[in-house]
Amino acid sequence: AKERGRNHYRFYSSTMTSKASMILKLENLLYQAIEENEFCLNYQPQIKLTNNKVTGMEALLRWYHPELGNVSPVKLIPLAEKTDLIVPISLWVLRTACQQNKVWQKAGLSKMPVAVNLSARQFQQPNLVEMVGQVLEETGLEPQFLDLEITETALMQNHDLAQQTLGKLRHLGVQVSLDDFGTGYSSLSYLHKFPVNTLKIDQSFIQSLQDTPQNTAIISAVIALGKTFNLRVIAEGVETLQQLKLLQGLNCEEVQGYWFSRPLKPEDATDFLGQT
Ligand code: C2E
Ligand code: CA
Ligand code: CA
Ligand code: CA
């Protein structure tokens, strides 16, 4: 890491100007994106295998820019964090997802939580709990119908603060999911300290299920863990019937992935909910 730091430094001075101006340009574009309503949320259903019912909808951020095209949230979120635009973007995502869930409820669709992703930095924002509380109040969504997805890495970065924040969120009544479960570390020994509702088994375990028998053991272990701690367990990234069958064989109860549905535009998500 030191090595890379030094190299980075060496090149930094020569490219600094263009780098700085590029970041500035992107910052402007991001700022415009908020103003011009260029963001959109897509929703991916979470399905209960015993009855094929939707148990939740995960909101996934999309940004289409006329020049840049589609910008992945994997790039967009870290950039937004560097420029502090993460605060208004977080608020927009949270508010939009809660409003959408309220719209579904008012349309008489069966009630389920909408899941919103929080990056490690978003989770550590000092006013996070306050912001969540305000959005719930403003949209009128009951707290149990909001599910916040955070990674175990986010919890481990500062676990005293994480424990406090989780306590406050739980007090508020929202659900919390541990995203990408199994890819961080120390999760097992800390699980009893973190009051979460759901474990989401990372898609890497599901996607190499056929080729790597060890993954079967890991998935079974997480499912057993979920039963012991009384948590929902969701297998992510289920793409094929073969994966689905293997998961059913392991008594996996909930799944999410392309096999059932890709992330959907709001109107398509509404149709999907209407049909299930
Ligand atoms: P994630 O939370 O782990 O979300 C799952 C990602 O896997 C999504 O990619 C989803 O479209 C994709 N996916 C779902 N089913 C399948 C499948 O069967 N196969 C495969 N190969 N992929 C599948 P997406 O939408 O590009 O999001 C990538 C990441 O960006 C997310 O990973 C999440 O960490 C982050 N992200 C997305 N939206 C937001 C947001 O609003 N806020 C924050 N902080 N992060 C977000
Ligand atoms: Ca997620
Ligand atoms: Ca995930
Ligand atoms: Ca991920």
| request: Pull out a ≥ b ≥ c, the square roots of the eigenvalues of the alpha-carbon gyration tensor of region 20-106, then state rounded if a/c is under 1.5, prolate if not and a/b is larger than b/c, and oblate in the remaining case. | output: prolate
| request: Only Cα pairs under 8 Å and at least 6 apart count here; give the relative contact order of region 159-260 as a rounded whole percent. | output: 23
| request: Decide, for region 145-276, between rounded, prolate and oblate: order the square roots of the alpha carbon gyration tensor eigenvalues as a ≥ b ≥ c, take rounded if a/c falls under 1.5, and otherwise choose prolate if a/b is larger than b/c, else oblate. | output: oblate
| field | Ordering of 211-217, 244-250 by burial proxy (mean other Cβ atoms within 10 Å per residue, highest first) | value | 244-250, 211-217
| query | For the charge dipole of the chain, defined by +1 on Lys and Arg C-beta atoms and -1 on Asp and Glu C-beta atoms about the Cα centroid, which residue among 132, 166, 22 has the Cα displaced farthest towards the positive pole? | reply | 166
| message | Given a Förster distance of 51 Å, report the FRET efficiency between residue 188 and residue 19 from their Cβ-Cβ distance, rounded to the nearest 0.05. | response | 0.80
| remark: Per DSSP, the loop-located trypsin sites (Lys or Arg not before Pro) within region 48-148 having at most 11 other beta carbons within 10 Å are 111
| remark: When all Cα-Cα pair distances of region 59-116 are considered, the percent exceeding 17 Å is 49
| Among 36, 138, 253, residue whose mean-square fluctuation peaks in a GNM of the chain (springs only between Cα atoms under 10 Å) | 36
| request: Express the relative contact order of the chain as a whole percentage, based on alpha carbon pairs under 8 Å and six or more residues apart in sequence. | output: 18
| query | Rounded to a whole number, what % of the accessible area of region 125-276 do carbon and sulfur atoms account for, probe 1.4 Å? | reply | 50
| query | If you roll a 1.4 Å probe over the heavy atoms of the protein chains, what accessible area per residue do you get for region 100-249, in Å²? | reply | 46
| note | Under the 7 Å Cα-to-Cβ spin-label approximation, residue 163 and residue 107 lie apart by a distance in nanometres of 4.3
| remark: A student applying the Cα gyration tensor rule (rounded when a/c is under 1.5; otherwise prolate if a/b is larger than b/c, oblate if not) would label region 61-219 rounded
| said: If I ignore ligands, DNA and RNA and count only protein heavy atoms, how much of residue 65 is accessible to a 1.4 Å probe, in Å² to the nearest 10? | reply: 10
| field | Check: region 134-276 dipole with +1 on Lys, Arg Cβ and -1 on Asp, Glu Cβ, in debye | value | 480
| field | Total formal charge among the other residues, if their Cβ is under 15 angstrom from that of residue 230, Lys/Arg +1 and Asp/Glu -1 | value | +1
| Mean Kyte hydropathy of 0.5 or more with a Cα span along the axis of at least 24 Å, helices from DSSP in the chain | 213-229
| If ligands, DNA and RNA are left out, what is the accessible area of residue 267 with a 1.4 Å probe, given in Å² to the nearest 10? | 110
| said: From the C-alpha coordinates alone, can you work out the Kirkwood hydrodynamic radius of the chain, in Å? | reply: 20.1
| Relative contact order, percent, region 15-101 [alpha-carbon distance under 8 Å, six or more residues apart] | 23
| task | Please state the charge dipole magnitude for region 141-217, taken about the Cα centre, from unit charges on C-beta atoms (+1 on K and R, -1 on D and E), reported in debye and rounded to the nearest 20. | result | 280
| Cα centroid separation, region 189-240 to region 31-102 (Å) | 24
| field | Gain in span if fully extended, residue 40 to residue 216, counting 0.36 nm per residue against the direct Cα distance | value | 59.8 nm
| note | Computed for the chain: size of charge dipole around the Cα centre, +1 on C-beta of each Lys and Arg, -1 on C-beta of each Asp and Glu, debye to nearest 20, value 460
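The values are calculated or read from the model by the stated rules, or taken from the named source; none is laboratory data. Given the structure is predicted, the values throughout are model-derived calculations rather than measurements. No Cβ is skipped: glycine too gets one built from the backbone with ideal geometry, and neighbour counts run over all protein chains shown. Calculation scope for accessible area: heavy atoms of the full protein, side chains included, ligands and nucleic acids excluded. Shrake-Rupley method; radii C 1.70, N 1.55, O 1.52, S 1.80 Å.
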